[in-house]
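The values are calculated or read from the model by the stated rules, or taken from the named source; none is laboratory data. Here the structure is a predicted model, which means the values were calculated and not measured. Cβ: placed from backbone, ideal geometry, glycine included. Neighbour counts: every protein chain shown.
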Amino acid sequence: VNDPHRDSGAPTFTASHDRACDDPGLLTRIGQGDEDAMAAFYREHGRVVFAQVLLVTGERLLAEEIVQDTMLAVWRAAGSFRGESSVRSWVIAIARRQTRDRLRGRRLRVVDDAFLADQPGSGPGPEAMALDRAELAEVRGAIRELAPAHREVLGLAFGSGLSLPEVADVLEIPVGTVKSRLSAARTALNRVLDEKGKSR
Amino acid sequence: MKADHADTHHPHLDLGLLVSHAAGQPVSERVREHLARCEQCRREANRWNLVADGVRGLAAAAPETAQPVRRQNSRRRVPRPLRHGIELVGVAAALLVLFLGAGELAGFVHVHLSTSSTGQGTALIAVTGCSQVEQADGTLEQVNGSSLVIKGVTGQTVTVRTTATTFLSMSGALPSEITDGASVTVRGSRSDGTIQADSITVGQPSSAVSLPGSAPVQGTVADASSSGFTLVTSGGTRIPVSTSSSTLVVIPHATPGQLQAGGSIVAVGNAGSDGTLAARAVAALYQFGSGPRLAASFRVRDCSARSIDDALGAISAMPWG
C-alpha cells in the first residue's frame, strides 16, 4: 500500500498509513552507520519533514537547508533514540528545533507568538463560517497567510501523521493547549477567508 | 464525547475527535454513527476536513527536495549516506510530484475501509473542493441491472445509477477472473523465466488505472490454475506466470453484472433530486484478507469527468489490505 508508483489520482495517505513504516529499527541501523537505512529513513520521512518546515518558513531554500540539517542531526544522533516517542514525532521535533534556531537567528519569532496563537479569536460564529463557503484553493491560500504558530500546528495535526498527544510532545505544550491553538488557527483562517471574501 | 467511548449523554463530538477524524486517525464506529446523525457535528467535521485538505494540498504541492542544498559559506560536508538519501528521496519526490500531477489541486475523495464496515456514515458525502460532486461508499448490497445499492456504515442505503459511460472498475483478490482466453497485462518480477505477478490487469487497460512495477507483459491466459497460468504473447511465446494471494487483479472496464455483493465500493458522481447518485466513476474493491482499517485520500485535479476517473482509477490500483 505504501508504494507510491502511481499515476494520477494521487493517494494522500492519512496517518494510519504513514505510521506503518515508522520503524525504530531503522534508527538503530543508522546509528550503526548503515547508509541504506539512512536513505530509507530519508525516503520515509524526508518529504513530510520538508513540507512541514516549508509550511512554517514559507521559503524553499531555507526549508531545504533545515531539512538537511535535520537529517544530519538524525545521522549523528540516531543511536540516542530511546523509543520514547514515534520516529516521526522525533524527527519532526528535531526539525522544529532547527527551524526555531534558524528563525531566531533572523530575528523572527515562532515560539513567542504562541501566546497570541492560543487566544480565542473574535471571528464570526459557527453559523457564519467563511469556511462553509470556501473552495479548497482559497483555503490553501489562506493557510499561507496565517501566523507561523498557526501554520505550524495545522501542519503537525494534518500533514505530519501525528496524533494530538504527539503534536503536544513536539510543541512541548499540553494536549489541551494544542486543541485551543488549533481552534485559534481555524478562527484565524476563517477571518482571512472572510476578509478575502469581502474584498472580492 | 471522549475519545472512542461515545457518550450518549454528551450531545456533540469534542474538538479532539473532530481533528482526529479529519487527520485520518482511527475513530470508532460510534463516532462515525454520531457524525451521521448529528448535523452540527457533521458541519464541524466538514470544516475541519477542509482545513486538513488545505494543509495536505500544500504539502502535496511542496517542491521536491532533490536539489543539492545551495548553502553559501558552509564548512560542513554532507556525509555520503545523506547524499545518498537525498538522491533517493529525489527520485521518490519526483514520482510523488508526478503522480500528484502538476497544476492546481481541486479536491479530494476520501476513502475509509475497514474489515467490519466502510464509509463515513452518511449515504452521500461531498467530494471536498468539488461542488456538485458527491460520493457514496460502503458495502455493495445488491445489483439491479445497471443500478447498484450501496449500504453505508449506519445502514443507510443509496442507489447508484451507472450508464455505458460510467468508469466502472473492480480490483483486489480476484483470481477467479483470470480464466483461459482472457487478455491480460502482467507486472511483476522474473525469476528463472517465471513472472511472479504483483498485479494483473484483465481486459483492456485504462489510462486511469496506473499500476506500479516493471515493464508489463501482455498476452492471453492459458492453463489457468489457482497458482498461476501460462501467458501466451502475440508472438506465441509462452511465459509461466505465478500468482499468489497478494497478487492484485484489476479489471478496469467491469460491468455491473460482474460485481459481487459484499465487497467495498466507492462511487462518485452527481446527486439527483431523488437521492440517487448518477455515477461518473465506480471502484469496487475486494480486499486482501482481513487487514487493518485503511484510509486514504485521493486527489481530484479539476473536478472534471477525467479527473474523477483518474481518482477512482488510483483507488482501484491500491492493494487494499
Within the stretch B:15-60, restricting attention to residues that are within 8 Å of chain A (Cβ to nearest Cβ) and in a loop (DSSP other than H, G, I, E, B), which residue is modelled with the highest pLDDT? B:Ala23
All helices (runs of 4 or more DSSP H) inside the stretch A:13-71 with 3 or more residues being at pLDDT 85 or above and at the interface with another protein chain (Cβ under 7 Å from one of its Cβ atoms): A:35-57
How many residues are crowded, with 24+ Cβ neighbours inside 10 Å, in a helix (DSSP H, G or I) and more than 8 Å from every other protein chain (Cβ to nearest Cβ) if we restrict to the stretch A:151-165? 4
Determine whether A:Ala77 is in a helix (DSSP H, G or I), surrounded by fewer than 20 Cβ atoms within 10 Å (Cβ to Cβ) and modelled with pLDDT under 85. no
Considering only residues of the stretch B:206-221 that are of a type in the set (A, V, I, L, M, F, W, C) and either in a loop (DSSP other than H, G, I, E, B) or within 13 Å of another protein chain (Cβ to nearest Cβ) (or both), which is nearest to B:Ile315 (Cα to Cα)? B:Val209
Within the stretch B:25-60, can you find the residues that are in contact (Cβ under 8 Å) with a residue 24 or more places away in the chain, among the small types (Gly, Ala, Ser) and over 18 Å from B:Ala136 (Cα atoms)? B:Ser28, B:Ala52, B:Gly57, B:Ala60
Could you check the stretch A:80-98 and list, in sequence order, the residues that are charged (D, E, K, R), part of a helix (DSSP H, G or I) and either under 17 Å from A:Ile30 (Cα atoms) or over 16 Å from the mean Cα position of the chain (by Cα) (or both)? A:Arg88
Residues of the stretch A:135-150 classified as more than 7 Å from chain B (Cβ to nearest Cβ), farther than 14 Å from A:Thr57 by Cβ and not in a helix (DSSP H, G or I), total: 1
Selected residue [at positive phi and in contact with a Leu (Cβ under 8 Å, 6 or more places away or on another chain)] from B:Gly236, B:Gly262, B:Gly228, B:Gly203: B:Gly262
Counted residues, the stretch B:127-148 - those being buried (at least 17 other Cβ atoms within 10 Å of the Cβ) and closer than 15 Å to B:Gly272 by Cβ: 5
